[in-house]
Amino acid sequence: MNEWLDPLLLSRWQFGLTTVYHFLFVPLTIGLALTVAIFQTAWVRTDKTKWLQLTHFFGKLFLINFAMGVVTGIVQEFQFGMNWSTYSRFVGDVFGAPLAFEGITAFFLEATFIGLWIFGWDKLPKGLHLATIWLTVVGSIASAYFILAANAFMQNPIAFRINEERGRAELTDIGTLLTNPISLASFPHTIFACFMVSAGLIISVAAFHLYRKQHVDTMRPALKFGLWMMVISGALTTVFGDSLSLAMVKAQPMKMAAAEAMYHTATGANASFSLFTLGTPDGVSELFSVRIPYLLSFLSTHTLDGTVEGINNLQDQYTTLYGPGDYTPMIWVTYWAFRWMIGLGIAHILVAVVGLWLTRKGRSPRATWVWKVAIWSFPFSLAAMSVGWVFTEMGRQPWLVFGLLKTQDGVSPNVTGLTILISLIAFTLIYGALAVVEFRLILRAVRKGPEDAPVPDAETGITPSASRSTRSN
């Protein structure tokens, strides 16, 4: 019973629950902001009604998702002070800087122009109104960068000094902090992955309606757009994922070793990529694996004769460097999260390529299975990004800030396990209820499909009833 009331265990579960749940909304918000901006731009440039219909329709989904993301994101800030006060006191001067930038600049920009976009349909000229959604896109992407910069400090702490008198880390160079090699590599990888999630939603929604021969004039171009968006963003996600893996090997070699279940240092052909591995129960050696020679060497060093350090070797190094302790992350979580991320990502790119082939020259597939596969694009693309986030955070363990502060040392000292358990149960119930609300709102909007678009005034280009339509969304 005492184990279940361990403040560290419960704090980790609570933060993991709220973080993963919040992260379900983040990529879709970023991706849909760009999607809506592109659709509205197409309408402004062409005056074709279908683009205005798609703007309103996906704008509705964007606003629902954004609202839920804001609500769930607020909880994250409070947890640093409630459950992780030791962490906050120790690195708050550094970690808090990019979060402050995110709050007072990026989020403020995003929230302000979302409001102008919602209520400006019949009040602003078309060009100026279009600018508001593009500034929303800028704000959402900038917000992501600042948050990733804060997270990058946890992965690769730089731009700080330890104030021995005050017992905490202090920021020395904000520019260096914001240009952390990890954030520079993770930012494009994450953003294009967000676009993959948005593309998955577009494909799923369009396939749902086209299978039922509903809203064909609007959903056919939406499907084409989603398929191309998936292919392009998927390719770029892969390219920048390779850059991120190189940065990760330099900053956190244990994470890459765990991702590959590589127990012993290997070079060249022996530094192989594992498709499937079984290890001993204690996690210190390999029992069986299926591997591709040279591939891990190439991914880690971009050479075929590179050396990749193993888990056991790194454990010995860290014991010498940081003192006695287990510095190995949970291997099975890190290993399989990495594979699910890659596998689902590649599968989506292939599905999109096949979809482009099957719908070429305006064709419409007759096979039922084609549409059913396409409808699953969104949940699986969201799952791929979620397990990627799990891999990023779980692969850093047992560190809160790599090499600087262990997770067990960052938890609040005066918070009891019972208190955390009560709040964990409360958050679980509340978030469960919010999930039901979110799912029903999105599902209702998707099933309804795009409404008939209002007709803009011929002289001013302003859409009289658009603001009422958007507010009702």
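The values are calculated or read from the model by the stated rules, or taken from the named source; none is laboratory data. From a predicted model like this one, the values you see are computed outputs, not experimental measurements. Cβ sites come from the backbone with ideal geometry, for glycine too, and all protein chains shown count toward neighbours. Ligands, DNA and RNA are excluded from the accessible area calculation, which covers all protein heavy atoms including side chains. Shrake-Rupley method; radii C 1.70, N 1.55, O 1.52, S 1.80 Å.
Computed quantities for the displayed model
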{"quantity": "Residues that are touching a residue at least 40 places away in the same chain (Cβ under 8 Å) and farther than 17 Å from LYS224 by Cα, drawn from the stretch 352-380", "calculated": "THR368, PRO379, PHE380"}
{"quantity": "Test: THR334 is in contact (Cβ under 8 Å) with a residue 12 or more places away in the chain and not in a loop (DSSP other than H, G, I, E, B)", "calculated": "yes"}
{"quantity": "Near pairs, Cβ below 7 angstrom, 6+ apart or cross-chain, from the stretch 162-183 (open to solvent by less than 30 Å² (accessible area, probe 1.4 Å)) to any residue that is acidic (Asp, Glu)", "calculated": "ASN163/GLU170; ALA169/ASP93; GLU170/ASP93"}
{"quantity": "Filtered residues of the stretch 26-68 (kept if of a type outside the set (A, V, I, L, M), open to solvent by less than 10 Å² (accessible area, probe 1.4 Å) and under 23 Å from SER386 (Cβ atoms))", "calculated": "PRO27, GLY31, THR35, PHE58, PHE62, ASN65"}
{"quantity": "Residue in the stretch 69-79 that is β-branched (Val, Ile, Thr), closer than 19 Å to GLY139 by Cα, open to solvent by less than 30 Å² (accessible area, probe 1.4 Å) and assigned to a helix (DSSP H, G or I) present", "calculated": "yes"}
{"quantity": "Breaking point among (1) open to solvent by 20 Å² or more (accessible area, probe 1.4 Å); (2) touching an Asp or Glu at 6+ places or on another chain (Cβ under 8 Å), for TYR335", "calculated": "(1)"}
{"quantity": "Search result, residues across the stretch 57-102 that are more than 23 Å from the chain's Cα centre (by Cα) and without any contact (Cβ under 8 Å) to a residue 12 or more places away in the chain", "calculated": "GLY81, SER88"}
{"quantity": "Candidates THR319, THR359, filtered to the one that is surrounded by fewer than 21 Cβ atoms within 10 Å (Cβ to Cβ), modelled with pLDDT of 90 or more and farther than 12 Å from MET254 by Cα", "calculated": "THR319"}
{"quantity": "Residues of the stretch 300-316 satisfying the condition of being open to solvent by 50 Å² or more (accessible area, probe 1.4 Å) and of a type in the set (A, V, I, L, M)", "calculated": "LEU304"}
{"quantity": "Matching residues in the stretch 135-180 - criterion: being in a loop (DSSP other than H, G, I, E, B) and not polar (S, T, N, Q)", "calculated": "PRO157, ILE158, ALA159, GLU164, GLU165, ARG166, GLY167, ASP173"}
{"quantity": "Per-region count, the stretch 236-278, residues open to solvent by 30 Å² or more (accessible area, probe 1.4 Å), polar (S, T, N, Q), assigned to a helix (DSSP H, G or I) and modelled with pLDDT of 80 or more", "calculated": "2"}
{"quantity": "Number of positions in the stretch 205-224 that are part of a helix (DSSP H, G or I), open to solvent by 10 Å² or more (accessible area, probe 1.4 Å) and touching a residue at least 40 places away in the same chain (Cβ under 8 Å)", "calculated": "8"}
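For (1) farther than 30 Å from VAL373 by Cβ; (2) in contact with a Ser or Thr (Cβ under 9 Å, 6 or more places away or on another chain), each residue gets a yes or a no:
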{"site": "LEU135", "(1), (2)": "yes, yes"}
{"site": "LEU178", "(1), (2)": "yes, no"}
{"site": "CYS194", "(1), (2)": "no, yes"}
{"site": "VAL197", "(1), (2)": "no, yes"}
